[in-house]
Structure formats: C-alpha cells, structure tokens
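Worksheet for the structure shown next.
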Amino acid sequence: MHIKTLVLWITISYNLYACLLPSPVHAINYATGIKAAPGYQLNLYPYYYTADIRTDKDGNHSVNDLGLNKYVVLIGNSYYLGDFLLNAIIPVGTVDVGKLKSDDTGLGDIQLRAGYFLPVEWVTVLPALVVKAPTGSYDKNRPVNYGDGQTDLVTELYLFKLMPQISFDAVLKYTVRFRNPDSGVTPGNEFTAEGLVTWRLAEKIRIGPAVNFIIGENNTKNGRTLADSGLMRLSTGGEIYYGRFDHVKISLAAYQDVLSRNTTEGVLVISRFVIRF
C-alpha cells in the first residue's frame with residue numbers, strides 16, 4: 001500500500017472515531033420530562049440515522065461518501081415513585097460505515113438515570129443525573145464500534161409545560177466524558193440544548209418544530225489537547241404526536257443536520273412509543 005494512502009486511511013479512521021459514538025452525537029430527548037402516575041412505563045424508541053458527509057473543524061466537507069447508517073431500538077424502562085423517576089435505557093442495534101467497509105451489531109451503552117420532580121406548580125421541572133456505562137460492543141482494533149468503551153456522567157434539566165393549545169418541552173444537558181482506557185482518548189465534555197414546541201391540531205394530536213444543538217470541548221490524548229477537535233452540530237426538524245389510546249402514546253420525529261463541525265451531517269428519523277402498565 002502506498003504510504004500516502006495508508007496515512008489517509010489512518011487519518012480518516014481516527015477522525016471518524018468521535019462521530020461514530022452512538023450516545024453523545026444525537027442527544028434527542030429520549031427520557032420524558034412529563035410527570036406520570038406512579039408505576040412502570042415502557043418506552044420504545046426505534047430510530048434510523050444516515051449520513052454521507054463528515055465535516056472538519058471549519059465545517060467544510062472532509063468526507064462526502066461516508067455511507068454511515070444506524071438502525072437502533074432504545075428500550076427505556078421508567079419507574080415513577082411519587083416525585084422520583086428511575087430510568088434505564090438499553091440500546092440494541094447496528095451501525096455500518098460503507099467508507100470503512102465495516103459494521104458492528106449488538107448491545108449498546110446502557111444509561112441509568114435518577115431524577116426528582118421539583119415542587120413547582122406552573123411548569124414541570126425535572127433535574128436528573130445519568131451514568132452511561134460501557135456495556136456496548138467495543139474493540140479498539142475494529143474500525144467501527146457500536147459502543148464507545150468508556151463511562152460518561154451527565155447532568156440534565158428537563159422543562160415541560162402543557163397548555164390547551166400549545167406545549168413546550170426542553171432539556172439542557174452537560175456530559176462529562178471520561179478517558180477511554182483502550183484508546184487513551186478523552187472526548188471533550190459536551191453541552192446539549194433541545195427544544196420542542198407543539199400546537200394542538202385535534203384532540204390529543206399535536207405537531208410542531210424542534211431543534212437540537214450540541215457542542216463539545218476539544219479531545220485529549222495522553223494528557224495532551226488535540227487542537228480543533230471539539231464537535232458541534234445544529235439539527236432542526238419537527239414532531240407529530242398522537243395520544244388517543246388510553247395506555248399508549250405515539251410520536252414521529254425527523255431531524256436534518258444543518259450545521260456541523262468535526263462530526264457527521266445527516267438525517268435522523270425517530271419514533272416514540274410510550275406504554276403505561
């Protein structure tokens with residue numbers, strides 16, 4: 001293999017490392033900020049993400065034929081006990097990158113969440129603490145991994161307000177990302193802001209625009225900062241919600257990445273099934 005070709009593939013493989021991690025890249029509001037009645041609630045979130053573009057530190061296209069496809073089902077298990085919420089999200093799915101001719105399938109990194117609904121009357125406020133455990137499939141010698149092989153600690157703040165004609169749903173997150181013991185890389189800490197506003201079309205049917213923004217600090221390796229390695233992404237889209245069933249609520253959302261840096265630009269389609277028992 002020509003030395004320039006070898007260097008190119010090493011560079012592409014390293015640069016793709018951060019953008020292939022499943023959890024921090026799209027931090028869509030998987031856990032609900034809506035306070036439910038005491039008991040168990042099953043949340044199923046099937047989603048599909050596809051991207052052919054990877055951007056550099058300036059937001060310019062560095063790869064145009066990435067061929068990234070993710071098919072995932074997030075299995076959310078929530079238990080409401082008074083003002084407390086306990087939640088575990090188990091991802092199962094597959095990721096394939098045509099550019100690297102590699103794929104991986106299996107269990108993803110599990111999230112364990114504990115939250116407490118504050119005694120505020122005019123709006124629902126839920127602060128929560130999350131631990132992401134490295135339970136997913138990961139091998140540092142494999143070009144593509146479904147898991148990321150490391151632990152994250154996340155603080156979250158959910159806000160929800162429902163009115164007769166309009167609703168407001170937002171979440172702020174700060175993720176502390178720890179060192180990957182296999183690769184020696186510590187991804188930069190990340191801040192995420194998400195928002196969804198819906199209008200009432202009919203009884204228990206709502207639709208509206210949504211936005212998702214994430215920005216990360218520079219990565220480090222072996223104690224040294226990797227300059228201009230932090231990611232950024234702005235995604236816009238919308239969601240339609242259907243809640244006519246007594247114990248099942250369904251929604252469908254789609255997002256387009258409109259601005260990014262050091263990560264992918266693609267399309268995310270996600271559905272949500274909330275089942276009360």
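With the checklist (1) in contact (Cβ under 8 Å) with a residue 24 or more places away in the chain; (2) within 30 Å of Pro143 (Cα to Cα); (3) in contact with a Lys or Arg (Cβ under 8 Å, 6 or more places away or on another chain) in hand, flag the one item Val176 doesn't pass.
Against the list (1) in contact (Cβ under 8 Å) with a residue 24 or more places away in the chain; (2) within 30 Å of Pro143 (Cα to Cα); (3) in contact with a Lys or Arg (Cβ under 8 Å, 6 or more places away or on another chain), Val176 comes up short only on (3).
Have a look at Tyr138, Tyr146 and point out the one that is within 22 Å of Arg233 (Cα to Cα) and surrounded by 16 or more Cβ atoms within 10 Å (Cβ to Cβ).
Exactly one residue qualifies, and that residue is Tyr146.
Among (1) modelled with pLDDT under 95; (2) surrounded by 20 or more Cβ atoms within 10 Å (Cβ to Cβ), there is one condition Arg179 misses while meeting the rest; what is its number?
Tallying (1) modelled with pLDDT under 95; (2) surrounded by 20 or more Cβ atoms within 10 Å (Cβ to Cβ), Arg179 fails exactly one: (2).
Sort through Leu126, Leu153, Leu118 and tell me the only one that's over 27 Å from Ser251 (Cβ atoms) and modelled with pLDDT of 95 or more.
On the way: Leu126 fails: over 27 Å from Ser251 (Cβ atoms); Leu118 fails: over 27 Å from Ser251 (Cβ atoms).
On inspection, the qualifying residue turns out to be Leu153.
I need every pair where a residue in the range 38-55 that is on the phi > 0 side of the Ramachandran plot and in a strand (DSSP E or B) has its Cβ under 7 Å from the Cβ of a residue that is surrounded by fewer than 16 Cβ atoms within 10 Å (Cβ to Cβ) and not small (Gly, Ala, Ser), sequence separation at least 6 or different chains.
Partner pairs satisfying both residue conditions: Gly39/Phe277.
In the range 156-176, which residue that is farther than 30 Å from Arg224 by Cβ and among the hydroxyl-bearing types (Ser, Thr, Tyr) is modelled with the highest pLDDT?
Residue satisfying both the conditions and the ranking: Tyr158.
Does Gly115 meet the test of being closer than 16 Å to Glu156 by Cβ and assigned to a strand (DSSP E or B)?
When the stated conditions are applied, Gly115 passes them.
Conditions (1) free of Cβ contacts under 8 Å to residues at least 12 places away in the same chain; (2) assigned to a strand (DSSP E or B); (3) aliphatic (A, V, I, L, M), marked per residue:
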| site | (1), (2), (3) |
| --- | --- |
| Lys70 | no, yes, no |
| Asn77 | no, yes, no |
| Ile89 | no, yes, yes |
| Glu121 | yes, no, no |
| Ala128 | no, yes, yes |
| Pro134 | no, no, no |
| Tyr138 | no, no, no |
| Gly147 | no, no, no |
| Leu153 | no, yes, yes |
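Suppose we filter Asp103, Asp58 for residues that are of a type in the set (D, E, K, R) and either part of a loop (DSSP other than H, G, I, E, B) or exposed (fewer than 13 other Cβ atoms within 10 Å of the Cβ) (or both); which single one remains? Even if it seems obvious, please write down each step before you answer.
Details: Asp103 fails: either part of a loop (DSSP other than H, G, I, E, B) or exposed (fewer than 13 other Cβ atoms within 10 Å of the Cβ) (or both).
That would be Asp58, the only listed residue that is of a type in the set (D, E, K, R) and either part of a loop (DSSP other than H, G, I, E, B) or exposed (fewer than 13 other Cβ atoms within 10 Å of the Cβ) (or both).
Would you check which residues across the range 182-194 are of a type outside the set (D, E, K, R), part of a strand (DSSP E or B) and surrounded by 20 or more Cβ atoms within 10 Å (Cβ to Cβ) and list them?
Within the range 182-194, Val185, Thr186, Thr192 qualify.
Of these, Leu74, Leu66, Leu112, Leu81, which one is surrounded by fewer than 15 Cβ atoms within 10 Å (Cβ to Cβ) and either closer than 24 Å to Leu231 by Cα or over 15 Å from the mean Cα position of the chain (by Cα) (or both)? Please lay out each step first, then the result.
Working: Leu74 fails: surrounded by fewer than 15 Cβ atoms within 10 Å (Cβ to Cβ); Leu66 fails: surrounded by fewer than 15 Cβ atoms within 10 Å (Cβ to Cβ); Leu112 fails: either closer than 24 Å to Leu231 by Cα or over 15 Å from the mean Cα position of the chain (by Cα) (or both).
Within the list Leu74, Leu66, Leu112, Leu81, the selection yields Leu81.
The values are calculated or read from the model by the stated rules, or taken from the named source; none is laboratory data. Because the structure is predicted, anything quoted here is derived from the model rather than measured. No Cβ is skipped: glycine too gets one built from the backbone with ideal geometry, and neighbour counts run over all protein chains shown.
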